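Heads up, the thing below is written out as structure tokens.
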Amino acid sequence: MNARRRNVTRRRFIKETIAGAAVVAGTPAVWSGVKAASQSPGAKLPWYRRAYLWGQTNITEKDPVRYDIDWWRGYWKRTQVQAVIINAGGIVAYYPSKFPLHHRAEFLGDRDLFGELTKAAHADGIFVMARMDSNRTAEDFFKAHPDWFARDASGQPYRAADKYVTCINSPYYDKYLPDVLREIIERSHPDGFTDNSWAGLGRESICYCENCTARFKAKAGKALPRKADWNDQAYRDWIMWSYARRVDVWELNNRTTRAAGGPECIWSGMNSGSVTAQARSFRDLKEICARADIMMLDHQRRDDDTGFQQNGDTGKRVHTLLGWDKLAPESMALYQSGPGYYRVASKPAAEARMWMIAGIAGGIQPWWHHVAAYHEDRRMYSTAEPVMRWWKANEQYLVNRTPIANVGVVWSQRNTDFFGRDAAAEVVDAPYTGFMHALVRARIPYLPIHADDIDRGAAGMKVLILPNVGALSDAQAAAIRRFVQRGGSLFATGATGLYTEWGDARPDFVLSDLFGCHLAGQAVTPRATGARGGGTDPIGAFAPSPSGHTYLRLIPELRSRVDGPHIKDEPPASGTRHQVLRGFEETDLLPFGGSLTALRVEATALVPLTFVPPFPTYPPETSWMRQPTSDIPGLVLSEHGASRVAYLPADIDRRYAREHLPDHARLIANIVRWVANETVPLAVEGTGFIDCHLYEQPGRTILHVVNLTSEATWRAPIDELIRVGPFKVTMPVPAKQTKPRARLLVSGAAPTVSVTGGNASFEIASILDHELVVLE
Ligand SMILES: [Zn+2]
């Protein structure tokens, strides 16, 4: 087999090249990774810091008899991938494993498909991550090692379809999987490993196997919780113990693969872009990012609630934890992955393309993903190539950059766990998402900031947004206070700080002094469950339970009416409205849809919005306000030296996520601009729904503009892009520059730049899918 011999020789050369000795600037590069490295000071960077473009053909059990390796090598080349993910083992093995219970793919026979593909990739100068899928087995394995499997309270094994779920505290993870990893390294020498379901049984199932029982007892000094009960300390301890075990597994796997395959043979399990999904599977994003050499995101598509912009948000969230120098490739489905799930049908090209572009804008590296090695719908093979080609041509502007934003949106996984509990989608995700949408709509750059990173991560920021962050520890509250003492401003909503880190109610807001108001009247009870229209929380604004037909009244009550009928008991016009109510001059009410409770407001605070209690919607004859005014605050504004604080008890953030009323987005944007005291570093004027991401590199500023305007903006999939523009952009002049030039790296235009103060202004004539502006 001459070809194979050649491949081995080539591979040896590559290995030597990786070691650095053979890398000389100007040497013709044999592969793109070396080329990139030889041209930059990062020549000695490990491979996982240089592999920008990724591909994955998720191999089905049928593929060993139909995998056309030559065709896929051509596809790797066309899409310019620098790393591929190849199925190795776990549930299904794609090589003849020496472990008899390691289930071989049904059509594998004695073939070593994983080994052949790894060799081919290496021969083409492409790195290989071996893909594992280690969480369940067939029945024969269960019968051979019944003590390695998860058990319910009655001792029955947990099943997933016809498979048996392995226990993460068993020797399956401590001994068997490390042996499999070593076997794969010895046979085929992949560059690293990933695993798409490495974290074991999720939060919804407590394992009562002998391993778990003994280990939990040893650690916590108590028995496993009998059921999920967020108020039971044993359950809370079990949650934290379960998180810690996943971190242990992460570290064990890395020790194993590095010991067997060398220091760069990393193991990096896959993670979701959703914090709630991470919480349900005990994958602590912050702890994992502290350990990950590269973040492998299994986050393949948008949903209608969160849009493409959620992928930009994910990139920023991960990089603020991981650092902006590390890479975060993301699996991007090229099959129709929702709504409707069709593994071998092409995703509409515009839909797949925009998901990729939205992620790239947030610092994510593209990774095409096909399921199966053979497709009769061949349209999917044309989607990734142009995106990858564009990425490669503009590589220098897409990595090693730092974001410019002075607004941070605070989040924490403990808040998702212990405040969100079983209703995190409603009480945590929806408020965050409402802010995300409103900030994108207002073209205000922002960064997600972890609640434990406020001192470091928000150091240069002007504003912290706390979207219904119910669970705040005393230490987190102290960090927020320090932020305000340094001159920072706050915009908090709903139940922010009304609970401890365990989700236990506090008697008052932990930040009540900053909010300028206190809880008054009814006691706090545990948050409501997610049922819309239900809920037991008397502080309805903090529960996902709009009481129905309610409003917020803009005060001072009324300016002189120039239009519309007058009514007899109309209060007299007086004063002017606060600037957070700009744009609402022709209305005295905003739709709300939630409920509020009494607050005691300090004399120095302002209340520009008050609550209008519910009244009927039906029949229409009854639809009149029984109580047109109240003294229940809808918004409390206060100033503390240079700091401004807005506390919005009304759940306008969640309402915007659910109902998309432009009034709610405008109110949120107005409040952000007021607390920021007009310091937002970017202004973009022009019609269209666009997502803006601002970065800097030495001597240049970089702006991504992602066009989210489409014939199906909120509903996947889109099939047709709609051109928008023109836009007038004002953004910071790069440091030490006075007359910067602007280049548009999608359209190729070079618009005229005018400089005023530290800001540069120019026009983008039009945008189809996206634009990348480099100002230098
Ligand atoms: Zn167990």
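Region 644-776: percent of C-alpha pairs farther apart than 20 Å? Walk me through the intermediate numbers first.
Working: 4766 of 8778 pairs.
When every Cα pair of region 644-776 is considered, 54 percent fall beyond 20 Å.
How long, wide and thick is region 334-433, going by the Cα atoms along their three principal axes, in whole angstroms, largest first?
The Cα atoms of region 334-433 stretch 47, 36, 19 Å along their principal axes.
Check the straight Cα-Cα distances from Lys227 and name the lysines below 22 Å, setting aside those fewer than 8 residues away within the same chain.
Answer for Lys227, where 22 Å is the Cα cut-off: Lys217, Lys219, listed by chain and number.
Per residue, what volume in Å³ does the Cα convex hull of region 588-677 take up?
So the per-residue Cα hull volume is 106 Å³.
Work out the P(r) tail for region 74-168: percent of alpha carbon pairs separated by more than 20 Å, whole number.
Values: 2138 of 4465 pairs.
More than 20 Å apart: 48 percent of the Cα pairs in region 74-168.
Give or take rounding to whole Å, what are the principal axis extents of the alpha carbon atoms in region 362-506, in descending order?
59, 36, 25
Could you work out the helix-only [θ] at 222 nm for the chain, with each DSSP H run of four or more residues adding -39,500 (n - 2.57) and the total divided by the number of residues, to the nearest 500 deg cm²/dmol? Walk me through the intermediate numbers first.
Numbers: 19 runs with 209 residues, N = 776.
It lands at -8000 deg cm²/dmol.
Over the alpha-carbon set of the chain, divide Rg by the Kirkwood Rh and report the Rg/Rh ratio to two decimals.
Answer for the chain: 0.99.
Averaging the inverse of every distinct alpha carbon separation and then flipping it gives the Kirkwood radius. What is it for region 140-216, in angstrom units?
Details: mean 1/r = 0.0734 Å⁻¹.
One decimal place: 13.6 Å for the Kirkwood radius.
Name the trypsin sites (Lys or Arg not before Pro) in region 720-772 that are in a loop by DSSP and that have at most 16 other C-beta atoms within 10 Å, would you?
Details: sites: Arg723, Lys728, Lys736, Arg741, Arg743; in loops: Arg723, Lys736, Arg741.
Passing sites in region 720-772 are Arg723, Lys736, Arg741.
Using only the Cα atoms, what convex hull volume per residue in Å³ does region 216-295 have?
Details: hull volume 8.1 nm³, N = 80.
Looking at region 216-295, the number lands at 101 Å³ per residue.
Roughly speaking, what is the centre-to-centre gap between region 105-164 and region 496-514 when only Cα atoms are used, to the nearest Å?
46
If we count every other residue with Cβ under 14 angstrom of Met240's Cβ, Lys/Arg +1 and Asp/Glu -1, where does the sum land?
Working: positive: Arg203, Arg215, Lys219, Lys222, Arg236, Arg245, Arg246, Arg283, Lys286, Arg414; negative: Asp232, Asp237, Asp248, Asp284, Glu287, Asp417, Glu501.
Charge balance in the 14 Å sphere: +3.
Can you return the lysines within cross-link range of Lys222? Criterion is Cα-Cα under 28 Å, with same-chain partners fewer than 8 residues away left out.
Cα-Cα hits under 28 Å: Lys175, Lys286.
Where nothing but the Cβ of Lys and Arg (+1) and of Asp and Glu (-1) is charged, how large is the charge dipole of region 610-760 around its Cα centre, in debye to the nearest 20? Write out the running numbers ahead of the final one.
On the way: 15 positive and 14 negative charges, 143 e Å.
That gives region 610-760 a dipole magnitude of about 680 debye.
How big is region 254-319 on each of its three principal axes, counting only the C-alpha atoms and giving the largest first in Å?
44, 20, 17
Calculate the dipole size of the chain relative to its Cα centre from +1 charges on Lys and Arg beta carbons and -1 charges on Asp and Glu beta carbons; express the result in debye to the nearest 20. Walk me through the intermediate numbers first.
Working: 92 positive and 84 negative charges, 470 e Å.
Result for the chain is approximately 2260 debye, rounded to the nearest 20.
Which angle between 0 and 90 degrees, to the nearest 10, do you get for helix 662-675 versus the longest principal axis of the chain when only C-alpha atoms count?
90
Whole angstrom only: what separates the Cα centroid of region 218-251 from the Cα centroid of region 678-735?
44
Distance check, please: which entries in Lys77/Lys119; Lys326/Lys392; Lys392/Lys736 exceed 19 angstrom between their Cα atoms?
Numbers: Lys77/Lys119 15 Å; Lys326/Lys392 17 Å; Lys392/Lys736 28 Å.
With Cα atoms farther than 19 Å apart: Lys392/Lys736.
Values quoted throughout were computed directly from the atomic coordinates according to the rules given, and no laboratory measurement underlies them. Since we're looking at a predicted model, the values are computed, not measured. All Cβ positions, glycine included, derive from the backbone under ideal geometry; neighbour counts span all protein chains shown.
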